[in-house]
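A short write-up of the structure that comes next.
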Amino acid sequence: MRKEVSRLWEQALEDFDTAEKLLEVEKYYASVFFSEQAAEKALKALFVEKKWRMAFTHGLTELAERRRG
């Protein structure tokens, strides 16, 4: 796994872990934020790993749609 992919993936896992902990203490707004961050970083790691052209966006829908169409 390339260094950039590994870094993005590790950050995604950390963000997801943070989201779960915030959910346990009913900090829903913050949990949603970190969940979205985790998903975005995981998708970007996939784009880098597969050497797909990455969109310069933070929108999850746009990132996901770039590989469907």
**Study point:** Filter result (under 23 Å from MET1 (Cβ atoms) and of a type in the set (Ser, Thr, Tyr)) within region 11-34
**Key:** THR18
Study note, to complete from the structure: Residues in region 1-33 that are within 24 Å of TRP52 (Cβ to Cβ), basic (Lys, Arg) and either touching a Pro at 6+ places or on another chain (Cβ under 7 Å) or part of a helix (DSSP H, G or I) (or both) total 2
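Bear in mind these aren't lab numbers, they're just calculated from the coordinates by the rules spelled out. Just so you know, these numbers come straight off a predicted model, no measurement behind them. Glycine gets a Cβ as well: all are built from the backbone with ideal geometry, and neighbour counts include every protein chain shown.
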